[in-house]
Amino acid sequence: KLHSDLDKGVGTVKYTLSGDGAGTVFTIDETTGDIHAIRSLDREEKPFYTLRAQAVDVDTKKPLEPESEFIIKVQDINDNEPKFLDGPYVASVPEMSPVGAYVLQVKATDADDPTYGNSARVVYSILQGQPYFSIDPKTGVIRTALPNMDREVKEQYQVLIQAKDMGGQLGGLAGTTTVNITLTDVNDNPPRFPKSIFHLKVPETSHVGSAIGRIRAVDPDFGKNAEIEYNIVPGDGGNLFDITTDEYTQEGVIKLKKPLDFETKKAYTFKVEASNLHLDHRFHSVGPFKDTATVKINVLDMDEPPVFSKPMYTMEVYEDTPVGTIIGAVTAQDLDAGSSSVRYFIDWKNDVDSYFTIDATEGTIATNQLLDRESTAQYNFSIIASKVSNPLLTSKVNVIINVLDVNEFPPEISVPYETSVCENAKPGQVIQIITAADKDLSPAGQRFSFKLSSEASNKPNFTVHDYRNNTAGIETRRNGYSRRQQELYFLPVVIEDSSYPVQSSTNTLTIRVCRCDSDGTIQSCNVEAIFLPVGLSTGALIAILLCIVILLVIVVLYVALRRQKKKDTLMTSKEDIRDNVIHYDDEGGGEEDTQAFDIGALRNPKVIEDNKIRRDIKPDTLRFPRHRPPAEDNTDIRDFIIQRLQENDVDPSAPPYDSLATYAYEGNGSVAESLSSIDSLTTEADQDYDYLSDWGPRFKILADMFGEEESYNPDKVT
């Protein structure tokens, strides 16, 4: 209520209201000044309103007092219940946890004024979930209320939590939420076999590594706590089997580690142990986390293929053995109770298998063709054995036949040698090491011996030293060799092997005499070696010479072209000194070509015509008459040339510079006469080159080339 001291109650004062909510939330009686709320108020929406009031004169509309401001505060009442903004909740706690183990904390929010009364004071309680869990009424912390809760008994719990304001008193408002609590697994249960004995039946034909049965131990735990490891307890029969764990089903898979044989042993018994991989030390007191069961395996008799006495057969036979010779035998037996007969045959795969045959009943192997070790040293094929009672049951074995060598080839020098000896060689000097090779192959390895042939052993030039390790050395027996006396020596060497019968061959070594320096380094072995590197073959030398000839031809052609170009350039450059050189780019046809130039005019002056036009210059349109005195008969060519020269000198239509003209006239020759060696009377035979030997060792090669040499006698060999 508003009231002004100037208001006498006679209706002369009018009250006005402005500010927050004026006219919408609040209204004022203009006469009495009473303020009324025209709609319900919500403190949680707007807790207070700021308004302005003023008293004005009804007649003059002028303020009677200054405008005053006042605040209307909304008083709170308990009209909002507590709310769980994060609910519903999900929580977990390990099984077998002790009492009071922390699970989760919940929180409810009340929108009422916490500073006025108990409208916003919340208290928590459990409506559903006892006696397993408890909650703190003030903090909302949920804890376990029972010890040793077992996940294997009950895994999921739903707890209903209530939050009530007014401190939980009667008349307070309440809100609820749900908490879903899961017990997580711990390894508190050992694996257990559902039965103590497992019986399995296995055919004796089962393959090694195949699964023959499964057993399973039960573990009520979950996840990694339920992972089981199986092991075979060492004992009778356990060494033939192995067991692994199927990671998806946690079953023990029994596998065969060795082959079974019903005729040898019909049953096996062993124990299997199942244990957890991940143990929890808190539950060791419960007992050992493992269990044991017995496995009994009965072997079933099956119809099996024949069995060979050996896993592989190796035989030997000499080459050139007569066809039909028995070289060995294979044996297979039927180990079943019926003991059926066995038949043998070769597993044909290629033509190599046709070299041998096998007796179908006895299993003996014989040659079917002549064998050659040098062609094929070893044969590898398979033999199949089948039961007569059941031909589909077969077994296979590998047979290797080694062909033994018969000494039929003589040994020979392994590679061609290019042997040389220095002119200054000393006696006992090794000039070549030789080796031998034999196409035959002795089981113990070949042994070769080396010696000179009987006709060469008496000559004093070279000898052979056998090192007894399949090598030999060629040694000198003289003090120095002369290339001028004999350039080549032929040394026959006899090589024998150690097999039976003994085979030998005579191999001839060619020894070339070479010029060497004081250190024994070869400088040259013949005239060609002076210019070419030592050690090149004949084909390489021919190729090099051919390349040199081609290069020389290219150089000659290049020089000829350069000269021709130089000549043309010289003629063209005459213009720089005001010479008129007229040249043509076509070739004349000789004396018969009268169109280019009439050569007869040079040889017979009578054919000269008075008005003949010159061919070396372009005539002008206007020409002065040219008067030429007639040439007399029998005029000499020299006079004719002089006459033509004078004619050109006085010709006004000729160019004011010299014009070069060529005539078939040869001069008297040079004062120096000819420099050609064609007419020289001196020949190479007249020269004496003995003086080159006096010029020192540097000119010794030239002296040997141009000096006298003894003719080579090819019959002289040693």
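The values are calculated or read from the model by the stated rules, or taken from the named source; none is laboratory data. Predicted model, so just to flag it, every value in this text is computed and none were measured. Cβ coordinates were reconstructed from backbone atoms using ideal geometry, including for glycine residues, and neighbour counts include every protein chain displayed. Heavy atoms of the whole protein, side chains included, go into the accessibility calculation; ligands, DNA and RNA do not. Shrake-Rupley method; radii C 1.70, N 1.55, O 1.52, S 1.80 Å.
Would you check if there is a residue in region 409-426 being open to solvent by less than 30 Å² (accessible area, probe 1.4 Å) and not in a strand (DSSP E or B)? First the steps, then the outcome.
First, the residues of region 409-426 that are open to solvent by less than 30 Å² (accessible area, probe 1.4 Å): 411, 419, 421-422, 425.
In the following step, the residues that additionally are not in a strand (DSSP E or B) were identified as 411, 425.
Yes, region 409-426 contains a residue that is open to solvent by less than 30 Å² (accessible area, probe 1.4 Å) and not in a strand (DSSP E or B).
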Number of positions in region 331-369 that are among the hydroxyl-bearing types (Ser, Thr, Tyr) and either at pLDDT below 90 or in a loop (DSSP other than H, G, I, E, B) (or both) | 7
Give me the pairs: first residue in region 697-711 and closer than 13 Å to Ser524 by Cα and not assigned by the TED database to the domain that holds Gln485, second residue of a type in the set (Val, Ile, Thr) and modelled with pLDDT under 55, beta-carbon distance under 8 Å, and six or more apart or on different chains, which are they?
-> Ile701/Ile530; Met705/Val527; Met705/Ile530
Restricting attention to region 246-263, the residues that are open to solvent by 40 Å² or more (accessible area, probe 1.4 Å), assigned to a strand (DSSP E or B) and under 19 Å from Asn189 (Cα atoms) number exactly 1
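Given the criterion assigned to a strand (DSSP E or B), under 50 Å from the mean Cα position of the chain (by Cα) and not assigned by the TED database to the domain that holds Met312, identify the matching residue among Ile400, Ile431.
Step by step, each of Ile400, Ile431 is checked, and only Ile431 is assigned to a strand (DSSP E or B), under 50 Å from the mean Cα position of the chain (by Cα) and not assigned by the TED database to the domain that holds Met312.
Could you grab me the full set of residues in region 75-109 that are of a type outside the set (Gly, Ala, Ser), open to solvent by less than 20 Å² (accessible area, probe 1.4 Å) and within 19 Å of Ile126 (Cβ to Cβ)?
Residues of region 75-109 that are of a type outside the set (Gly, Ala, Ser), as a first pass: 75-86, 88-90, 93-96, 98-99, 102-107, 109.
From the residues that got through so far, the ones that are open to solvent by less than 20 Å² (accessible area, probe 1.4 Å) too are 76, 82, 93, 95, 103, 106.
Residues satisfying the conditions are Pro82, Val93, Val103, Val106.
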How many residues does region 149-169 contain that are surrounded by fewer than 13 Cβ atoms within 10 Å (Cβ to Cβ) and not basic (Lys, Arg)?
-> 4
Of Asn180, Asn189, the only residue that is open to solvent by 20 Å² or more (accessible area, probe 1.4 Å) and at pLDDT 90 or above is Asn180
Would you point out the residue of region 272-288, among those that are open to solvent by 20 Å² or more (accessible area, probe 1.4 Å) and aliphatic (A, V, I, L, M), that is farthest from the chain's Cα centre (by Cα)?
-> Val286
Within the set of pairs 6+ apart or on separate chains, which have a first residue in region 359-372 that is farther than 10 Å from Gly328 by Cα, a second that is of a type in the set (Phe, Trp, Tyr) and surrounded by 12 or more Cβ atoms within 10 Å (Cβ to Cβ), and C-beta atoms under 6 Å apart?
-> Ala360/Tyr344; Asn368/Tyr355; Asn368/Phe356; Gln369/Tyr355
Give region 483-502 a look and list any residue that's buried (at least 16 other Cβ atoms within 10 Å of the Cβ) and among the β-branched types (Val, Ile, Thr), or say none.
-> Val493, Val494, Ile495
Residues of region 1-28 satisfying the condition of being surrounded by 15 or more Cβ atoms within 10 Å (Cβ to Cβ), of a type outside the set (Gly, Ala, Ser) and under 20 Å from Arg39 (Cβ atoms) = Leu17, Asp20, Val25, Phe26, Thr27, Ile28
Could you look through region 166-177, keep only residues that are in contact with a Pro (Cβ under 9 Å, 6 or more places away or on another chain) and within 21 Å of Tyr89 (Cα to Cα), and pick out the one that is modelled with the highest pLDDT?
-> Thr177
